[in-house]
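Notes follow the structure.
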Amino acid sequence: MSFEHLLQYVLSGITNGSIYAIVAIGFNIIYNTTGIINFAQGEFVMLGGMTAISLAAFMPLPLAILAAVVITSFAGALIDFLFIRRLKSPSVLNMIIVTVGLSIMIREIALHIWDEKVRSLPYFTGNEIASINLLGAYISPQVLWVLGVCSVIVVFLGLFFKFTLTGKSMRACASNMIAARLCGINTRNMVTISFMLSAAIGALAGCVISPITQTQYDCGTSLAIKGFTVAILGGLGNSTGAIIGGVIIGLLEAFSISVMPLAYKDAIAIAILLVILFVKPSGLLGAREAAELKEF
Amino acid sequence: MAWKKYIPVFALIACIIVFQLAVTAMSREFYLTQLTMAAYYSLVILGLTVLMGYAGQISMGHAAFFAMGGYTSAVITTRDLMNVKGAVLVDLARDLGLTIVEKNAYGSDIEHLSPWAALAVAVVLTVIIAFLIGIPILKLKGHYLAMATLGFGIIVYRIVLGSRLFGEADGISDIPPFRIVGGLAVSGDPALRVQNFYIASFLVVVGVVLLMNLIDSRVGRALRSIHGSEEAANAMGIDTARYKLFIFVLSAVFACVAGVFLTHFNGGIGPSEADVMKSVSYVAIVAVGGMANLWGALIMGVILNYLSLRGYFGSYDEFVFGSILIVIMLFVPEGLLRMENARALARALARLRNNLGADRKQ
């Protein structure tokens, strides 16, 4: 394998990996404030992409993306208001079943709104054949957009959780729900905010990747599985871990294509997920002590 | 009185017979086709009910075991052995009488392995795989268990979809009928509708009786204690890992057997049988039936599968199962068919009547 080939694989791995990392971060935000794994996380990505595609017909692209992010985050809030808040004494099993049900419902609603056609947003800069030469490897300008948006999201979240009052309150919910409530934090609203934030991030990711990967009503499920794999690999709830995990999974997938049929690409990530779950469910950067307190 | 607990079983058998007679009398026997299929799917659901409701372990990959049974049998019984000579295994199978020579659709003779052999291979294979995958998977709990079983299901789906052996996206068709004894055969032949309905019903009744006894046994009590609190069960000296594994393998075998029979009944199998959505709909039906409620699961399994197979939900099929999951979990997490619900309804009615009575007196 020549250097250019290697670089090409690495770049494609990093691109896919950063997409998975954004989805994983979406999982982490909700998991941290509620302890729920939101199985409908991938549907936020799909919803964001689809809404932006529809809106882009009437308005300039940046505005359409902004509107799509806002609409999807309201959908996230709606899900919390209508379903998550109404769960009486939710057990983990019930939570799983509800979010799985939600993911199916959102997907089916999307199918009836948008039909089963594959759509995509236009490239943000340039077009399908525009490419940038990087040390002999060729990448689409959209890849730079993906990487840029990922970095912005990560930095923004870092600042948000560290310096704003809302961010700090959400972290308080994560470490101890009852103590947070005793300090006068409205934990219910924090849950709503976490759903909105997670949906918004998912929607933004859905818009940025749409020109490359295309958007279809059922594209969320496989993204959710990959995102979950990444979240587990990095240690559930750990955003730095999510980025490292994302890049690892992305690279493994990219290189797997060179040795195995493409049909098994999805199976690779899942096989990795199973291995991690069996060997070290606390993930790469997950603390062992913290892991022992959680329910594996 | 030991026989008292079998009253529902006799009622079930009576229902089956009455239904068949009524349908035949109305010459509406085509209803039986989907009902037979629904019965086989209910077999999967019965196994899953014991795993989820009694042992408290979620599995979102049970369609994989169903597909494992169906595909194993399909691959084994569609291979033409007519021109295979001298292979040790094939000769051994011939000597044991495990091969069948039949005419295919084009009138030429083909020789294939007996579905009985296929059933045995499928069950053994499923037991081995469920056992091996169950050991690490059942150490997980909650979200992790759900994701791991889901992941297992997706891997099986991808393998089925991606390999030539399993016919890729087309699946496998032209599967020969499963001749049980004498004239009894599992096949989609319209003339055999009534007997196929009884074969499927027979399997369901056997399955129910088996699981009823299992639940009332030492094993059943152990499983319920695991559901209540695994730590407490462990402390009481129950080998929780062993019991969980046992019930996981058992429910996998239920799914596998259902897969083998339904594949021969349909005469074909496609990758959609291994789809994640199938697994989710099984979970949905177990939830509607009331989790730890065999009869609820059976009734809802037959009704919902029947409606779905008859196409009553149209293009909203998945939507229906998705909303069932949510509505049940939000409003009646204990399931629809429970005595408490009936009693609560009766109480509410009584209160309403009293109030009306009080109003009238004033």
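The values are calculated or read from the model by the stated rules, or taken from the named source; none is laboratory data. Since this is a predicted model, take the numbers as computed values, not measurements. All Cβ positions, even for glycine, are placed from backbone atoms using ideal geometry, and neighbour counts span all protein chains on display. Heads up: the accessible areas ignore ligands, DNA and RNA and are worked out on the full protein's heavy atoms, side chains in. Shrake-Rupley method; radii C 1.70, N 1.55, O 1.52, S 1.80 Å.
A few comments on the model shown:
- Scanning segment B:126-177 for residues that are surrounded by 15 or more Cβ atoms within 10 Å (Cβ to Cβ) and in contact with a Ser or Thr (Cβ under 7 Å, 6 or more places away or on another chain) yields B:ILE137, B:THR149, B:GLY153, B:ILE172, B:ILE175, B:PRO176, B:PRO177.
- The residues listed here are B:ILE159, B:ILE155; of these, the one that is under 30 Å from A:LYS265 (Cβ atoms), over 21 Å from the mean Cα position of the chain (by Cα) and β-branched (Val, Ile, Thr) is B:ILE159.
- Look at (1) part of a helix (DSSP H, G or I); (2) surrounded by 22 or more Cβ atoms within 10 Å (Cβ to Cβ); (3) within 16 Å of the chain's Cα centre (by Cα) and you find that A:SER222 fails only one, number (2).
Residues checked against (1) closer than 25 Å to A:GLY101 by Cβ; (2) buried (at least 19 other Cβ atoms within 10 Å of the Cβ); (3) modelled with pLDDT of 85 or more:
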site	(1), (2), (3)
B:LEU304	yes, yes, yes
B:LEU309	yes, no, no
B:GLY314	yes, no, no
B:ASP317	yes, no, no
B:GLU334	yes, no, no
B:GLU340	yes, no, no
B:LEU349	no, no, no
B:ARG353	no, no, no
B:LYS361	no, no, no
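- Residue within segment B:96-112 that is buried (at least 21 other Cβ atoms within 10 Å of the Cβ) and either more than 14 Å from chain A (Cβ to nearest Cβ) or not in a strand (DSSP E or B) (or both) present: yes
- Residues in segment A:32-43 that are open to solvent by less than 10 Å² (accessible area, probe 1.4 Å) and over 17 Å from A:THR229 (Cα atoms): A:THR33 only.
- Of everything listed in (1) within 14 Å of chain B (Cβ to nearest Cβ); (2) touching a residue at least 12 places away in the same chain (Cβ under 8 Å), the single unmet condition for A:ILE71 is (1).
- A search for C-beta distances below 7 Å between a residue of segment B:147-169 that is in contact (Cβ under 8 Å) with a residue 40 or more places away in the chain and closer than 28 Å to A:ASN38 by Cβ and any residue that is of a type in the set (Asp, Glu) and not in a helix (DSSP H, G or I), counting only pairs 6+ apart in sequence or on different chains, returns B:TYR157/B:ASP275.
- Single match in A:ILE84, A:ILE22, A:ILE97, A:ILE14 (criterion: under 27 Å from B:TYR316 (Cβ atoms) and in contact (Cβ under 8 Å) with a residue 40 or more places away in the chain): A:ILE84
- Selection from segment B:127-149 of residues that are in a helix (DSSP H, G or I) and more than 7 Å from chain A (Cβ to nearest Cβ): B:VAL127, B:ILE128, B:ILE129, B:ALA130, B:PHE131, B:LEU132, B:ILE133, B:GLY134, B:ILE135, B:ILE137, B:LEU145, B:THR149
- Checked against the criterion of being more than 19 Å from the chain's Cα centre (by Cα), of a type outside the set (Lys, Arg), more than 14 Å from every other protein chain (Cβ to nearest Cβ) and within 27 Å of B:ALA148 (Cα to Cα), the candidates B:ILE238, B:ILE269 yield just one match: B:ILE238.
- The condition (being within 13 Å of chain B (Cβ to nearest Cβ), out of contact with any Leu (no Cβ under 9 Å at 6 or more places or on another chain) and under 19 Å from A:THR192 (Cα atoms)) is satisfied by just one residue among A:PHE81, A:PHE161: A:PHE81.
- Listed by first and then second residue, the pairs with beta-carbon distance under 7 Å, at least 6 apart or on different chains, first residue in segment B:119-138 and at negative phi and aliphatic (A, V, I, L, M), second open to solvent by 10 Å² or more (accessible area, probe 1.4 Å) and not in a helix (DSSP H, G or I), are B:LEU138/B:GLN57.
- Considering the conditions (1) at pLDDT below 85; (2) open to solvent by 50 Å² or more (accessible area, probe 1.4 Å); (3) under 18 Å from B:ASN266 (Cα atoms), B:GLY182 is excluded by exactly one of them, (3).
- Residue within segment A:194-205 that is at pLDDT 90 or above, within 20 Å of A:ILE84 (Cα to Cα) and open to solvent by 50 Å² or more (accessible area, probe 1.4 Å) present: yes
- Segment B:150-181, subset part of a helix (DSSP H, G or I) and aromatic (Phe, Trp, Tyr), residue nearest to the other protein chains (Cβ to nearest Cβ): B:PHE152
- Residue within segment B:182-199 that is within 19 Å of the chain's Cα centre (by Cα) and within 14 Å of chain A (Cβ to nearest Cβ) present: no
- Conditions (1) facing chain B (nearest Cβ under 8 Å); (2) in contact with a helix residue (DSSP H, G or I) (Cβ under 7 Å, 6 or more places away or on another chain); (3) open to solvent by 50 Å² or more (accessible area, probe 1.4 Å): number failed by A:HIS112: (2)
For every residue, the table says whether it meets (1) open to solvent by 20 Å² or more (accessible area, probe 1.4 Å); (2) within 29 Å of B:LEU330 (Cα to Cα); (3) polar (S, T, N, Q).
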position	(1), (2), (3)
A:ALA52	no, no, no
A:LEU61	yes, no, no
A:VAL92	yes, yes, no
A:ILE97	no, yes, no
A:TYR123	yes, no, no
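- If you filter segment A:146-175 down to residues that are farther than 15 Å from A:THR15 by Cα, among the polar types (S, T, N, Q) and without any contact (Cβ under 8 Å) to a residue 24 or more places away in the chain, you find that the one that is surrounded by the fewest Cβ atoms within 10 Å (Cβ to Cβ) is A:SER175.
- Scanning segment B:337-354 turns up no residue that is touching a helix residue (DSSP H, G or I) at 6+ places or on another chain (Cβ under 6 Å) and acidic (Asp, Glu).
- Where helices (runs of 4 or more DSSP H) sit wholly within segment B:1-89, those with at least 2 residues that are buried (at least 23 other Cβ atoms within 10 Å of the Cβ) occupy B:31-49, B:62-78.
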